[in-house]
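J.: Below you'll find the structure I mean.
Just so it is clear, none of the values below were taken in a lab; they were calculated from the coordinates. Just so you know, these numbers come straight off a predicted model, no measurement behind them. Note that we place each Cβ from the backbone using ideal geometry, even for glycine, and neighbour counts take in every protein chain shown.
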Amino acid sequence: NRQLVLAARPKGEPTKDTLRLVTGDIPSAGKGEMLLRTEYLSLDPYMRGRMSDAPSYAAPVEIGDVMIGGTVAQVVTSNLDGFAPGDWVLSFNGWQDYALSNGEGVANLGRAPAHPSWALGILGMPGFTAWAGLKQIGAPKAGETIAVAAATGPVGATVGQIGKILGCRVVGIAGGPKKCAYAVNELGFDACVDHKAPDFADQLAKASPDGIDVYFENVGGKVLDAVLPLLNVNARVPVCGLVSQYNATKLPDGPDRMNWLLGQILRKKILMQGFIIFDNFGHLYPQFAKEMGGWVENGKIKYREEIIDGLENAPEAFIGLLRGENFGKRVIRVGQK
Ligand code: NDP
């Protein structure tokens, strides 16, 4: 059983010394347990937070413990009702080949799900984050303008496509021309601006001629700087993530603009609300599953995955995710092809 354990808390960007590969015996399932074999491991930006012991909404992974993570697995042996060998499940095995489970928090996906790994993306946590954050906090109305960064990732791509279904103008922000072309041509966004372009802020203003009513915040940093002056009166800002800051070791230099920001919020009556998906909106999951399942089935929402083979490649793939090297939802195929 190969496991990636947390070897050291990273300062700044994680390195090859952050996680260590160890090998041990495959455990066997006792009474009230089942043995799961990991097929797919989800890589998600929040994992950077778990590597750190700074105070957060969830406890950190301890040094020497297996790195946590959402997985799609198959049941190998089971002493539990409702789970039989061969069943596919959505579980939380973490970064390892095999894990024992008592069934808590594990969802049975059946014998032959059409796209098992999608439970880690569009049909799972990231899709739910986009759906709930946009609808519940963003509350967009037809004709309004939505802006969203990390526009081709699982959250951003879904936010934008739901925005189109709801009749909004959608402006994506992504890293590079390839991702931007995909957002417009494949996902149906009205415009997409490359945040690496030197005149990014001007381009964003031009792409948002009527200002921005909903800014779905995924990244923070200079994207936020460019968006703030464009926010309309009564704008809503679901604060979902700040991926540009996850590796930061200190606040950015420059003038303290905290009071300028509060002035904007006050004068424009802006609503900004942070949310942690299952804490805030867990009760809406069945509603999400039904609506998103329908949209995906009838092709209204598209989903792009980037599958990387081999558990041993997960650390490097994770470092790349925070740099924006992924194009679509990054998933590690742990099991055999
Ligand atoms: P993505 O797969 O979209 O990966 C992150 C993306 O962020 C990169 O691909 C890159 O896209 C972009 N990015 C990285 N650095 C920067 C930067 N400096 N400036 C601008 N963009 C950058 O991630 P997810 O869709 O899984 O997650 C999106 C956000 O949602 C994250 O912030 C995540 O933490 C948050 N989240 C929050 C949840 C909650 O409960 N609040 C739950 C789930 C996710 P590009 O190359 O296009 O810039």
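J.: Put +1 on the Cβ of every Lys and Arg and -1 on every Asp and Glu Cβ in the chain; which of Gly70, Val243, Gly105 then has its Cα farthest towards the positive end of the dipole?
T.: Value computed over the given set: Val243.
J.: Next up: Taking other Cβ within 10 Å of each residue's Cβ, how do Trp295, Trp260 sort, fewest first?
T.: Least to most surrounded, the residues fall as Trp260, Trp295.
J.: With axes computed from alpha carbons, what is the tilt in degrees of helix 314-323 against the longest principal axis of the chain, rounded to the nearest 10 within 0 to 90?
T.: Roughly 10 degrees between the two axes.
J.: Let me ask another. As a quick test, which of the pairs Lys11/Lys250; Lys222/Lys250; Lys164/Lys300; Lys250/Lys329; Lys135/Lys179 have an alpha carbon distance above 20 angstrom in this structure? Walk me through the numbers before you get to the answer.
T.: On the way: Lys11/Lys250 11 Å; Lys222/Lys250 15 Å; Lys164/Lys300 10 Å; Lys250/Lys329 28 Å; Lys135/Lys179 25 Å.
With Cα atoms farther than 20 Å apart: Lys250/Lys329; Lys135/Lys179.
J.: Where the only charges are on Cβ atoms (+1 Lys, Arg; -1 Asp, Glu), what is the dipole of the stretch 208-337 about its Cα centre, to the nearest 20 debye? List each step's numbers first, then the result.
T.: Numbers: 16 positive and 15 negative charges, 57 e Å.
It comes to approximately 280 debye.
J.: A follow-up question, please. Taking the Cβ of Ala54 as the centre, find all other residues whose Cβ is under 15 Å away and add up their charges (Lys, Arg: +1; Asp, Glu: -1). Could you put the intermediate results ahead of the total?
T.: Details: positive: Arg9, Lys11, Arg48, Arg50, Lys250; negative: Asp53, Glu62.
Net of charged neighbours comes to +3.
J.: To continue, here is another question. In percent, how large is the relative contact order of the stretch 125-279, given Cα pairs closer than 8 Å and 6 or more residues apart? Write down the numbers at each step before the final one.
T.: Working: 294 pairs, mean separation 34.2, N = 155.
RCO, the stretch 125-279: 22 percent.
J.: For the chain, which cysteines have no second Cys with its Cβ under 4.7 Å from theirs?
T.: Cys168, Cys240
J.: If you don't mind, another one. Going by average Cβ density within 10 Å per residue, which order do the peptides 105-115, 318-328 take, highest to lowest?
T.: Working: 105-115: 13.7, 318-328: 18.2.
Peptide ranking by packing, descending: 318-328, 105-115.
J.: Sticking with this structure for a sec: Under 14 Å Cα-Cα from Lys16, which aspartates and glutamates qualify once same-chain neighbours fewer than 8 residues away are excluded?
T.: Glu312, Glu316
J.: Could you give the dipole magnitude of the chain about its Cα centre, charging the beta-carbon of Lys and Arg +1 and that of Asp and Glu -1, in debye to the nearest 20? All intermediate terms of the calculation are to be shown ahead of the outcome.
T.: Numbers: 34 positive and 34 negative charges, 133 e Å.
Result for the chain is approximately 640 debye, rounded to the nearest 20.
J.: Along the charge dipole of the chain, Cβ charges K/R +1 and D/E -1, which of Ala151, Ala8, Pro229 sits furthest on the positive end?
T.: Ranked along the dipole, the leading option is Pro229.
J.: Please give the FRET efficiency for Met272 paired with Arg111, using the beta carbon to beta carbon distance and R0 = 30 Å, rounded to the nearest 0.05.
T.: So, using R0 = 30 Å, E works out to roughly 0.10.
J.: Got a sec? Which residues in the stretch 167-183 would a label at Ala197 touch, if it sits 7 Å along Cα→Cβ and we count backbone N under 15 Å?
T.: In the stretch 167-183, the label zone of Ala197 (backbone N under 15 Å from the point 7 Å along Cα→Cβ) covers 171-183.
J.: If you bin the C-alpha pair distances of the stretch 125-279 every 10 Å from 0, what whole percents do you get?
T.: 11, 44, 37, 8, 0
J.: Each label point is 7 Å from the Cα along the Cα-to-Cβ direction; what then is the distance between the points at Ala8 and Asp279, in nm?
T.: Roughly 3.1 nm, to one decimal.
J.: Which aspartates and glutamates does Lys141 reach when only Cα atoms under 20 Å apart count, and residues fewer than 8 places away in its own chain are ignored?
T.: Straight-distance partners of Lys141: Asp190, Asp210, Asp213, Glu217, Glu291.
J.: Would you mind working out the magnitude of the charge dipole of the stretch 125-279 relative to its Cα centre, with +1 at each Lys and Arg C-beta and -1 at each Asp and Glu C-beta, to the nearest 20 Debye? Before the final figure, lay out the partial values.
T.: Details: 15 positive and 13 negative charges, 37 e Å.
That gives a dipole near 180 debye.
J.: May I pose another question? What FRET efficiency comes out for Asp256 versus Asp65 if R0 is 35 angstrom and r is the Cβ-Cβ distance? Round to the nearest 0.05. Don't skip to the end; give the middle numbers.
T.: On the way: r = 38 Å, r/R0 = 1.09.
That pair, Asp256 with Asp65, gives E of 0.40.
J.: Can you find, among Leu322, His115, Gly220, the residue sitting farthest towards the positive end of the charge dipole of the chain, where Lys and Arg contribute +1 and Asp and Glu -1 at Cβ?
T.: Gly220
J.: Sequence gap at least 6, Cα distance under 8 Å: using those rules, report the relative contact order of the chain to the nearest whole percent. Write out the running numbers ahead of the final one.
T.: Details: 701 pairs, mean separation 58.1, N = 337.
Relative contact order, the chain: 17 percent.
J.: Going by average Cβ density within 10 Å per residue, which order do the peptides 48-54, 142-148 take, highest to lowest?
T.: The densest-packed peptide leads the list: 142-148, 48-54.
J.: Given springs between every Cα pair under 10 Å in a Gaussian network model of the chain, which of Leu134, Leu271, Leu120 has the largest fluctuation?
T.: Ranking Leu134, Leu271, Leu120 by mean-square fluctuation puts Leu271 first.
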